[in-house]
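Peer 1: Take a look at this one; I'll ask things after.
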Amino acid sequence: MNVHEYQAKSIMRKFGIALLKGKTAKSVDEAVKAAEEMGGKVWVVKAQIHAGGRGKGGGVKLAKSIDEVRKYASEILGMTLVTHQTGPEGKLVNTLLIEEGCEIDHEYYVGIVLDRATGRVTMMASIDGGMDIEKVAKETPEKIIKGAIDPAVGFTPYVGRKLAHGMGMTGDTVKKASKFMKALYDLYMESDCTIAEINPLVTTKSGDVLALDAKLNFDDNALFRHPDIEEMRDISEESEKELEATKYGLNYISLDGSIGCMVNGAGLAMGTMDIIELKGGSPANFLDVGGAATKETVQKAFEIILSDANVKCILVNIFGGIMKCDIIANGVVGAAKDLGIKVPLVVRLEGTNVALGKKILNESGLDIIAAEDLGDAADKAVKAAKEA
């Protein structure tokens with residue numbers, strides 16, 4: 001689950017992470033009032049959407065007067081902000097964060113993720129803050145310093161000093177940065193984050209170490225432990241199809257390809273998508289129906305897949321273990337008849353009750369393209385999608 005910047009910062013304050021003063025606004029008048037209440041001579045007007053690259057898209061403005069706060073707030077509120085993370089459709093801006101300004105000395109990057117190669121939580125830092133970290137990693141990887149954290153020991157001052165010195169910090173700034181990173185690590189672990197990212201982390205002319213931006217993502221499976229965080233969920237920022245799938249216990253992620261996928265098991269789903277790509281096609285979605293699907297959930301899965309106008313073919317790939325092939329076959333037949341599926345339908349079944357499942361498909365009277373194995377299924381799906 002993702003949250004807005006202002007929500008992430010409200011969580012960070014609970015862990016003692018140094019931040020600038022800020023207030024949210026949902027109207028121009030509220031934005032002006034927020035700036036006036038904070039005082040000062042400079043304010044930052046920030047669009048609040050679940051996407052990075054807001055500044056490049058025109059969603060972050062530096063205001064040097066109350067009139068400019070009013071001007072920028074009126075421009076940003078209600079705009080459809082397009083960034084490299086939103087896609088061309090963009091996202092509607094409904095909320096602003098009005099934040100006080102500061103005199104920046106230098107911008108850095110600090111982030112925490114789980115490094116699956118080492119199996120350890122890893123903190124990353126770079127002297128090149130304020131930039132796309134993916135670009136830094138690609139073009140100048142030597143500027144990214146990593147500190148793997150031993151789960152038996154936790155965050156230690158050594159890791160903080162290593163990263164701070166690696167970013168070129170000296171003197172008292174090293175201690176402040178290490179303290180900052182320890183607090184961010186505590187937040188990451190205690191809140192069940194999947195990512196905690198500060199870009200930029202800044203040092204100011206007065207010697208402070210502050211988070212100017214904040215991105216926190218949380219493990220959906222751990223939200224039951226954090227009802228206060230779950231309440232921050234903004235469903236207006238999430239895909240309607242993905243939300244609908246969640247109601248039926250389906251794991252669905254929309255993509256931009258032309259072959260709809262319905263698979264049981266996340267690993268098999270990813271393997272199916274890989275083989276589609278290998279055969280020259282492109283998956284329209286990730287969809288795992290799980291091990292307890294019924295005829296009704298299979299039909300709902302088809303409905304969600306078919307709601308994507310880009311889908312030219314559907315590939316059903318089922319390995320029957322807990323989920324028996326005959327149940328899936330009945331679900332496929334029922335859904336195909338009830339929904340009147342018009343696109344080509346490729347089905348590959350293997351595992352428990354596979355013979356019965358194939359018999360149900362063969363006797364359905366439907367124009368179903370049977371596949372013997374996954375490679376055959378991908379070949380047929382790619383061909384059908386191209387010919388559709």
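The values are calculated or read from the model by the stated rules, or taken from the named source; none is laboratory data. If you're wondering where the values come from, they're calculated on a predicted model, not measured in any experiment. Counting neighbours? That spans all protein chains shown, and the Cβs are built from the backbone with ideal geometry, glycine included.
Peer 1: Of all residues in region 140-169, which are assigned to a helix (DSSP H, G or I), among the small types (Gly, Ala, Ser) and farther than 17 Å from VAL113 by Cα?
Peer 2: Within region 140-169, ALA164, GLY166 meet the criteria.
Peer 1: Can you find a residue that is more than 20 Å from ASP256 (Cβ to Cβ), crowded, with 21+ Cβ neighbours inside 10 Å and among the charged types (D, E, K, R) anywhere in region 43-60?
Peer 2: yes
Peer 1: Return the only residue of GLU37, GLU30 being surrounded by fewer than 19 Cβ atoms within 10 Å (Cβ to Cβ), farther than 28 Å from TYR109 by Cβ and under 31 Å from the mean Cα position of the chain (by Cα).
Peer 2: GLU30
Peer 1: So, in region 99-125, exactly how many residues are free of Cβ contacts under 8 Å to residues at least 40 places away in the same chain, small (Gly, Ala, Ser) and buried (at least 17 other Cβ atoms within 10 Å of the Cβ)?
Peer 2: So the answer is 0.
Peer 1: Please pick out the residue among THR118, THR122, THR95 that is at pLDDT below 95 and hydroxyl-bearing (Ser, Thr, Tyr).
Peer 2: None of the others qualify; the one that does is THR118.
Peer 1: Oh, and also: Residue by residue through region 274-287, note down the ones that are under 22 Å from GLU303 (Cα atoms) and either crowded, with 24+ Cβ neighbours inside 10 Å or of a type in the set (Gly, Ala, Ser) (or both).
Peer 2: Residues satisfying the conditions are ILE276, GLY281, SER282, PRO283, ALA284, ASN285, LEU287.
Peer 1: Scan region 376-388 and give yes if some residue there is within 20 Å of ALA284 (Cα to Cα), touching a helix residue (DSSP H, G or I) at 6+ places or on another chain (Cβ under 6 Å) and part of a helix (DSSP H, G or I), otherwise no. Break it down into steps so the answer makes sense when it comes.
Peer 2: We begin by selecting, within region 376-388, every residue within 20 Å of ALA284 (Cα to Cα); these are 376-388.
Narrowing the set further to residues that are touching a helix residue (DSSP H, G or I) at 6+ places or on another chain (Cβ under 6 Å) leaves 378.
Next cut, part of a helix (DSSP H, G or I) only: 378.
Within region 376-388 (the criterion being within 20 Å of ALA284 (Cα to Cα), touching a helix residue (DSSP H, G or I) at 6+ places or on another chain (Cβ under 6 Å) and part of a helix (DSSP H, G or I)), the answer is yes, since at least one residue qualifies.
Peer 1: Need a quick list: helices (runs of 4 or more DSSP H) entirely within region 170-248 having at least 3 residues that are at pLDDT 90 or above and of a type in the set (Lys, Arg). Don't jump to the end; show me each part of the working.
Peer 2: Working: elements: 172-190, 227-230, 240-247.
Per the criteria, 172-190.
Peer 1: Then there is this: Kindly provide the set of residues from region 38-69 that are out of contact with any His (no Cβ under 8 Å at 6 or more places or on another chain), of a type in the set (D, E, K, R) and free of Cβ contacts under 8 Å to residues at least 60 places away in the same chain, ordered by number.
Peer 2: LYS46, ARG54, LYS61, LYS64, ASP67, GLU68
Peer 1: Given the conditions (1) part of a loop (DSSP other than H, G, I, E, B); (2) touching a helix residue (DSSP H, G or I) at 6+ places or on another chain (Cβ under 9 Å), report the number of the one that ILE322 does not fulfil.
Peer 2: (2)
Peer 1: Restricting attention to region 224-249, and to residues there that are among the polar types (S, T, N, Q) and without any contact (Cβ under 8 Å) to a residue 24 or more places away in the chain, which single residue is farthest from GLU296 (Cα to Cα)?
Peer 2: Checked region 224-249; the qualifying residue farthest from GLU296 (Cα to Cα) is SER239.
Peer 1: Let me ask something else. Counting only residues that are out of contact with any helix residue (DSSP H, G or I) (no Cβ under 7 Å at 6 or more places or on another chain), closer than 19 Å to MET189 by Cα and surrounded by 15 or more Cβ atoms within 10 Å (Cβ to Cβ), how many does region 220-238 have?
Peer 2: Here the count works out to 2.
Peer 1: For the condition surrounded by fewer than 19 Cβ atoms within 10 Å (Cβ to Cβ) and under 19 Å from LEU210 (Cβ atoms), what is the one hit in ALA8, ALA18?
Peer 2: Of the residues listed, the single one that is surrounded by fewer than 19 Cβ atoms within 10 Å (Cβ to Cβ) and under 19 Å from LEU210 (Cβ atoms) is ALA18.
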